[in-house]
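The block underneath contains the structure these notes are about, expressed in structure tokens.
The values are calculated or read from the model by the stated rules, or taken from the named source; none is laboratory data. None of these values were measured; they are calculated from a predicted model. Every residue, glycine among them, receives a Cβ derived from its backbone with ideal geometry; neighbour counts consider all protein chains shown.
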Amino acid sequence: MKAESAQGYLDDLVGWASARLIGDEVLLAHLSGEDSDFVRFNHASVRQAGSVSQRSISIDLIDGQRHAEGSVSLTGVVDTDHHRVAALMSDLREQRAVLPEDPYLLYSTGVEASERVVDGEAPTSADAVDAVVSGAGASDLVGIYAAGQSFRGFASSFGQRNWFAAGSFNLDWSLHLHADKATKNAYAGLVWDADALAAKLAWSRRELEVLGREPRTLAPGGYRAFLSPAALREIMDMLAWGGFSLRSHRTKQTPLLRMITEDAELHPSVTIAEDIAGGVAPDFQAAGFTRPGTVSLIAGGRFAGHLVSPRSAQEYGVDTNGADDHEFPTAIAMAPGSLPTDDVLAQLGTGLYIGNLWYLNFSDRSACRATGMTRFGTFWVEDGEIVAPIEVLRFDDTAFHLLGDRLVGLTDTAETILDSSTYEQRSTESLRLPGALVEEMTFTL
Amino acid sequence: MTDLDTHLEDRLLAALPSDVDYASARHVVERGSRLEVRNGVVEPSATAHNEGVMFSVWVNGGAGYAATSDLSVEGLALAVEQARGWAAATAGRTVIDSPPLLHTVGEYTTPVTDSFDSLSLAEQVALLVDADMALGGHDRIVDRSASLVRFDIQSLLLTNGGGRVAQHIRQVFPDLRATANEGSNTQNRTFGAGNYAGQGGVEVLTRHGFRDAAARIADEAVALLDAPNCPTGTMDLILAPDQMVLQIHESIGHPLELDRILGDERNYAGTSFVTQDMFGSYRYGSELLNVTFDPTVPGQMASYGFDDDGTPAERIHLIKDGILERPMGGTISQARSGMAGVANSRASSWNRAPIDRMANLNVEPGESTVEELIGGIEHGVLMETNVSWSIDDSRNKFQFGAELGRVIENGEITHIVRNPNYRGISATFWRNLSGVADDFTVMAVGNCGKGEPNQVIRVGHAAPHCRFSNVEIFGGES
């Protein structure tokens, strides 16, 4: 099954399976696949290079309120895949027979079709390797080039069909001076532009020159700080970890618990939405529900709305908005503010310019207090001028300070970040974030 | 091999190219299942059958791989062609130009005392229903669940030099979770953060008392609501084994991965404060610290006969009497560095290439009793069950949190505290190891992320209770 024929393959396969349903059975199917190239670099040489071609189908086999779910890898060979799907359906029937009715089962019974195909123009991977190795020059480049086709599809025995496919590339790299002194950058998109890559690599090399200065060792304490969009992304990932999930709210496990128990607020300039229309993720999910273009999550610093999976909708008696089971945002967007992006160093004055944060976790989830480290491209700034890189610092602070009472402002532009994550398969998630100037950020180690 | 396709091995062998320096085919079929009961409701059961093959080719100083779920003759041929293409494209540009050249023959199967075949699906559901019910014995429990996740993994590594390694691993992850709430205070207790897991069958459930743990977990979650915040100060710290697993993982395991030391992970998982010249002389911890890499522990999560390059597994001391002896590096890292390593070249599945990983990484037991460790503390905290982990990219400055703390005053435990956290620096923390108990709890970590492209792998950790002096300890926001 080639990527370009996967949509038709899913249609045929689910048609074949639907013809083998028994009685009033309902079948929901979700296809996931990719044809990806991965090239890993270290010291501007190739560490590992290869291709991954994978397809799998998940099936929820329903009879009344009883159901069972399962997935199986697909080969693309029709007879083999028919055999595998038939075996899976047989297993699911056996399991379903011993499981009780599921009171929270909810699925789409419509037949609404949708299709979103984003065609990219990635170079051949051999050409990409040439561009990266030659562009790095004598620099110590480390990173990953990932490119190719990703696709997701939904099909049900009711006849509903939804399709998403995208061809994209994502080069995520860092240039290293020595030890942990490094600068981070990425070049991702749909259409490859060799000049754009060269410009980004040149920018990284200029940052390295600053990293060569004697690093400052800062004592623990509070510092005025500017968080770049990439650094703010790490804070946003913590908020997204249950922060907007209806289930997390109803079970009091949300890190934004104080927004519902104490009417706590973030800064009035903080407005956050799940922006499917502006992202690159599929606009449908595994139970067949489509996602609205935008879901308001935080508006003017106040909690505005949840991400609601079909299962939570049924459990808590509200409408679903097409969230996945884990109710995690896939295209989060924070509205920009009024801080001139080109003037952030002057606005910062004296303090820390934080290019990246790293390895965040909650030190007190109920208070939305998290800890983490500074990483790539973090500098000490005096009077609006970068003075020196710093030795890494650990922060431990709550978002109710960083995006609340200590937030000075957000930049007037927002940067789109395409997630470079490749766990199991290439991610389709994205973020659009401004930078944030914070009056004081607490560092502890 | 799958039941469906008994001729697959023949097809794999036929597809392996003979006119290259080295070629391998690594076929993996992983069958997973998940059962969960949450708040009295049986969640949808889920099964997964994930199957494919990766071909790796080394030729003329280049290397490449191609992985596919298409196991037809044509699909395998296409993958081999792609792998050869990558080898040609990378010739002269790789960090190493010599192949590992292992053609190992062997087999390994997880020993199982009590197969899950003896426990029907209905009985497994009933077990979880009972556990979930026992978790719900308090009004202030607002969410609870009991779950059982299992993996059955069959792998076959074939090489063009006659190598054949077949392994069959069975992994079991039981878990219990209780969430208690009052106002803005939410507290969780779990079954060792899901880390009381291992290889085997039903016996994994009994090793750590899964069937009887639910009521205690619920009681402790509720008790934490009324407990004071963890005290702040520099004092003695005892880590229970279900916190030690994380301490070992982050501040010994990752820093000793040779690929990190060689720089492979600098763009993602990070580098290491450990450098190659430290091995053989660097004092990593006090004389009480003994750490082994040991994929041979029966029933531990990452036990195997061979790693994914075919290197035979063996027990090796990485740290002996506090002195750093050996890194965790597989055949390729060993060749790049000129250092001795271990059998730790592991891939998360067929669709990812092997890299240096932890397997079972254990702190060996000492000679004190747990009571003696506690008795030697004037003022300190004992922490149980990891809930938070954060460490810098050199694996040095860390901050970890636990679900529950027990304050120790004048050699006795006095009361529990909530939101216990501590921080330190790996390079000095282990030198403050002042006591190692004689217990030894075999556990796991199921979600170790690393590599580009990213991989999650399951590892094992075993540890006794350990005592550390002069640790910075603190609590939560309120």
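B:ALA427: at pLDDT below 95 and either among the hydrophobic types (A, V, I, L, M, F, W, C) or buried (at least 24 other Cβ atoms within 10 Å of the Cβ) (or both), yes or no?
Spelling it out, B:ALA427 is indeed at pLDDT below 95 and either among the hydrophobic types (A, V, I, L, M, F, W, C) or buried (at least 24 other Cβ atoms within 10 Å of the Cβ) (or both).
When residues of segment B:86-100 are filtered for being facing another protein chain (nearest Cβ under 8 Å) and over 12 Å from B:GLY61 (Cβ atoms), how many remain?
1
Which one of these is aliphatic (A, V, I, L, M), in contact with a helix residue (DSSP H, G or I) (Cβ under 9 Å, 6 or more places away or on another chain) and within 14 Å of chain A (Cβ to nearest Cβ): B:VAL202, B:VAL142?
Among B:VAL202, B:VAL142, only B:VAL142 is aliphatic (A, V, I, L, M), in contact with a helix residue (DSSP H, G or I) (Cβ under 9 Å, 6 or more places away or on another chain) and within 14 Å of chain A (Cβ to nearest Cβ).
Per-residue answers, yes or no, for (1) of a type outside the set (Asp, Glu); (2) within 14 Å of chain B (Cβ to nearest Cβ); (3) free of Cβ contacts under 8 Å to residues at least 24 places away in the same chain; (4) not in a strand (DSSP E or B):
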| site | (1), (2), (3), (4) |
| --- | --- |
| A:PHE169 | yes, yes, no, no |
| A:ALA182 | yes, yes, no, no |
| A:ALA199 | yes, no, yes, yes |
| A:LEU208 | yes, yes, no, yes |
| A:LEU218 | yes, yes, no, yes |
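Given the condition closer than 30 Å to A:GLU69 by Cβ, in a helix (DSSP H, G or I), free of Cβ contacts under 8 Å to residues at least 24 places away in the same chain and touching a strand residue (DSSP E or B) at 6+ places or on another chain (Cβ under 7 Å), answer yes or no: does some residue in segment B:74-92 qualify?
Within segment B:74-92, one or more residues are closer than 30 Å to A:GLU69 by Cβ, in a helix (DSSP H, G or I), free of Cβ contacts under 8 Å to residues at least 24 places away in the same chain and touching a strand residue (DSSP E or B) at 6+ places or on another chain (Cβ under 7 Å).
Would you confirm, using the coordinates I've provided, whether A:GLY148 is more than 10 Å from every other protein chain (Cβ to nearest Cβ), under 27 Å from the mean Cα position of the chain (by Cα) and either surrounded by 14 or more Cβ atoms within 10 Å (Cβ to Cβ) or assigned to a loop (DSSP other than H, G, I, E, B) (or both)?
yes
Having 3 or more residues that are under 22 Å from B:GLY449 (Cα atoms) and out of contact with any Lys or Arg (no Cβ under 9 Å at 6 or more places or on another chain) is the bar; report the strands (runs of 3 or more DSSP E) wholly within segment B:273-375 that clear it.
Hits in segment B:273-375: B:361-363.
Taking the residues in segment A:354-386 that are β-branched (Val, Ile, Thr) and within 16 Å of A:ALA182 (Cα to Cα) as candidates, determine which candidate is farthest from the other protein chains (Cβ to nearest Cβ).
A:ILE386
Restricting attention to helices (runs of 4 or more DSSP H) lying wholly within segment B:157-263, give those where 1 or more residues are surrounded by fewer than 24 Cβ atoms within 10 Å (Cβ to Cβ) and in contact (Cβ under 8 Å) with a residue 24 or more places away in the chain.
Of the helices (runs of 4 or more DSSP H) lying wholly inside segment B:157-263, those with at least 1 residues that are surrounded by fewer than 24 Cβ atoms within 10 Å (Cβ to Cβ) and in contact (Cβ under 8 Å) with a residue 24 or more places away in the chain span B:203-207, B:214-226, B:241-248.
So how many residues does segment A:399-431 have that are in contact with a Gly (Cβ under 8 Å, 6 or more places away or on another chain) and within 20 Å of A:THR442 (Cα to Cα)?
Here the count works out to 3.
Suppose we filter segment B:122-154 for residues that are more than 30 Å from B:GLY305 (Cβ to Cβ) and either of a type in the set (Asp, Glu) or in contact (Cβ under 8 Å) with a residue 12 or more places away in the chain (or both); how many remain?
Within segment B:122-154, residues that are more than 30 Å from B:GLY305 (Cβ to Cβ) and either of a type in the set (Asp, Glu) or in contact (Cβ under 8 Å) with a residue 12 or more places away in the chain (or both) number 22.
If A:ALA286 satisfies all but one of (1) surrounded by 16 or more Cβ atoms within 10 Å (Cβ to Cβ); (2) of a type outside the set (Ser, Thr, Tyr); (3) in a helix (DSSP H, G or I), what's the number of the condition it fails?
Here A:ALA286 meets the rest and fails (3).
In the set A:ASP102, A:ASP60, A:ASP24, which member is more than 28 Å from the chain's Cα centre (by Cα), of a type outside the set (Phe, Trp, Tyr), at the interface with chain B (Cβ under 10 Å from one of its Cβ atoms) and outside any helix (DSSP H, G or I)?
Checking each option against the conditions leaves just A:ASP102.
How many of the residues in segment A:184-197 are in a loop (DSSP other than H, G, I, E, B) and surrounded by 16 or more Cβ atoms within 10 Å (Cβ to Cβ)?
Selection size over segment A:184-197: 1.
If A:ALA126 satisfies every condition in (1) more than 18 Å from the chain's Cα centre (by Cα); (2) small (Gly, Ala, Ser); (3) buried (at least 23 other Cβ atoms within 10 Å of the Cβ); (4) within 14 Å of chain B (Cβ to nearest Cβ) but one, which is the exception?
A:ALA126 satisfies every listed condition except (3).
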